[in-house]
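Each remark here refers to the structure printed beneath this line.
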Amino acid sequence: METIGYKRDRGDSELGKLNVDTRTYNAISLCSGYDGIQLGLREVIHVRTVCYVENEVSVARILAARMEEGYLDKAPVWSDVKDFDPEPWCGKVDILFGGFPCQPFSVAGEKLGEDDPRNLWPDTARLIRGLGVSVVFLENVSGPEFLRYYYSRIRPELVEMDFKVEEGLFSAAEVGASHRRRRTFILAHSNAQRLQGDGWPWKKERPEGPPTVPLYPPGPKDKQGWTQLLSVLPEAQPSWCRTLDGPAPEMDIRLRAIGNGVVPAVAARAFRILAEKLK
């Protein structure tokens, strides 16, 4: 993790043992995509998603398919954050998480920031207030445009809403990926509902040792890694695919859902480290 605005003063080995709690957080997933944040959170805390908010119909279909396959919690999908009414959910949801659109702040865009109609922070803030959640977990890009907006607008509003806030920069490379994909993660907890000790609903930590199937594919020159992977997952054998006539039907939609998504292992790591700092 690369911290924002302060130096990191302790390593992962000093995070301490987690107290296992059988409580479950009810959550609303905002700008869900394929919901890598939910997949990451489910690795570290007891959480159940009770509603998704996703405006792309094609991506919502992917969400529905993953629900049927059992990868995601079954819950309704709302189509637009701008007309999402928090009142029916008020008092029934513990955590709001999501990655609101990065285009207003990304170096690949026009960097219009607050003037970009795709900036959904004002709607996110409206839902935080209306839902009365005790926990907020957000993700966005790590560039200077977003960080300026975060420190001038987002963080002050969360503090004004009586949240204690921690933030940090995390990358996919930290969890073993062959790419960087550095992102800003923000974790806030309501001061009105203070944590008692290590009060997060942690899951038991997984036993040490590598998983049977690695989280990421081996690198192109990692012969030993590919041998091990293909011995347990032969269908992962790489192959050449023609794209002269464009991608297969709906493949561009799936790629967009992944491209806009969050690496689950990074979300899990970010939550654990930032939760420790919130103590």
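The values are calculated or read from the model by the stated rules, or taken from the named source; none is laboratory data. What you are looking at is a predicted structure, and each value in this text was computed from that prediction instead of being measured. No Cβ is skipped: glycine too gets one built from the backbone with ideal geometry, and neighbour counts run over all protein chains shown.
Some notes on this structure:
- Within the stretch 48-62, tally of residues that are of a type in the set (D, E, K, R), farther than 13 Å from Ser29 by Cβ and at pLDDT 85 or above: 1
- Inside the stretch 116-167, residues that are over 30 Å from Gly91 (Cβ atoms), surrounded by 20 or more Cβ atoms within 10 Å (Cβ to Cβ) and modelled with pLDDT of 90 or more make up a count of 0.
- Tally, over the stretch 75-96, of residues that are without any contact (Cβ under 8 Å) to a residue 60 or more places away in the chain and surrounded by 13 or more Cβ atoms within 10 Å (Cβ to Cβ): 8
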